[in-house]
Amino acid sequence: MADVLSQKQIDELLNSFSANGSKAFEEIEENADKKAKVYDFKMPKKFTKEKLKVIDNIYENYSRLLSSYLTGLMRLYCKVNVLQIEEQKYYEYNNALPDYVIMGVVNLDIDDEDVMETSLIFQLSNPISFSMMDRLMGGYGTYTDVSRDFTEIEIGLMDSIVRKMIELQKDAWSNYIEINPKLTSLETNSRVLQSIGPDDIVILVMLEVEIKNVKNTISICIPAMNLETIMAKFADRYAIKNKRLDAQKEIERREEILRGIKNTSLQIDAVLAETQVDLYDILTLQVNDIIPLNVSVDKNVTVKIGDNVWFDGKLGIMNNRKAIKIDNIYKN
């Protein structure tokens, strides 16, 4: 027969459940406060953290170059740094832009048949653009919130500035691959620019620019397909370079070993000839006895280091000492 719970046991069981249940609800509420990151399994990420780190290194260098250029151009201290690098679809990037904005289409012009023609989009936010124009036209570099298209004078001014900013990317990429970036067109309407397909995956590099009291962004949008080809190319280049470095290190290692053993003492034996003599003859040898050898008097002496023959040469005298003049060197 099954055991029957007493009232005391029932009360303890209910109290235990109430305590554990409240904790469970607290854990659910805590987890509800945590934001979950949405991941699209239909569109997996193309770039690993290691690849994005390479892009980050490139544009960290570019940030320093751009900061120096803007500081000299505007006679104001300008600070530029990489804000973020992320992978997304082009329409997500384009939809977030205002209608009127400075956007340049850039051809990287990579001189390599294996790399397809690559175009990226270089975009300046309106606060940065208007602040630069105000400063270059004699103002203080301030920005007032305006929503209008750019004038012909403003477009001409920004065209020369954007071209120079784009050229600086050549030095930033030079450690990885040779590029010759050129501005192919400058647009002021983000809705009519269709150089990249809406559903194409792009790598978006966001640079934070601070000019006086104005802080905003410059974005660089690179098609992921093209960037994959470029990165594969300079990965191969670095693999070859590393192999060359390994070969050079091997040569240096050999030279270091040779330097270490050059002062080592070795015993050298010079052998004129070898013959066989009976034990009785050896025991009865006297002073002035002669042992005939089966060699001619002009035969070279064999020079041994250990058990290996390294040289042969002629017997002679130098500075009242017996010597050997090396005639031949044997490769061991």
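Which of the three applies to segment 76-174, rounded, prolate or oblate, going by the alpha-carbon gyration tensor with a ≥ b ≥ c and a/c under 1.5 meaning rounded? Each step should come with its number before you reach the end.
Values: a/c = 1.86, a/b = 1.52, b/c = 1.22.
Note, shape of segment 76-174 comes out prolate.
Other residues within the sphere of radius under 14 Å centred on the Cβ of Leu258, judged by their own Cβ, net out at 0 (K and R +1, D and E -1). Net charge in the neighbourhood of Ile85 (other residues with Cβ under 11 Å of its Cβ; Lys, Arg +1, Asp, Glu -1) is -1. Straight-line cross-link partners of Lys299 among the aspartates and glutamates, defined as a Cα under 17 Å from its Cα and at least 8 positions apart when in the same chain: Asp269, Glu274, Asp312, Asp327. Could you work out the local net charge near Ile282, counting Lys and Arg as +1, Asp and Glu as -1, over the other residues with Cβ closer than 15 Å to its Cβ? Residues near Ile282 contribute -4 overall. For segment 90-165, the solvent-accessible area of protein heavy atoms averages 49 Å² per residue (probe radius 1.4 Å; ligands and nucleic acids excluded). Cross-link pairs exceeding 22 Å in C-alpha to C-alpha distance, out of Lys182/Lys212; Lys51/Lys233; Lys46/Lys170; Lys262/Lys322; Lys262/Lys331, comprise Lys182/Lys212; Lys46/Lys170; Lys262/Lys322.
The values are calculated or read from the model by the stated rules, or taken from the named source; none is laboratory data. It should be emphasised that the depicted structure is a prediction, and the values quoted were computed from it without experimental measurement. Cβ: placed from backbone, ideal geometry, glycine included. Neighbour counts: every protein chain shown. Just so you know, the surface numbers come from the protein's heavy atoms only, side chains and all, with ligands and any DNA or RNA stripped out. Shrake-Rupley method; radii C 1.70, N 1.55, O 1.52, S 1.80 Å.
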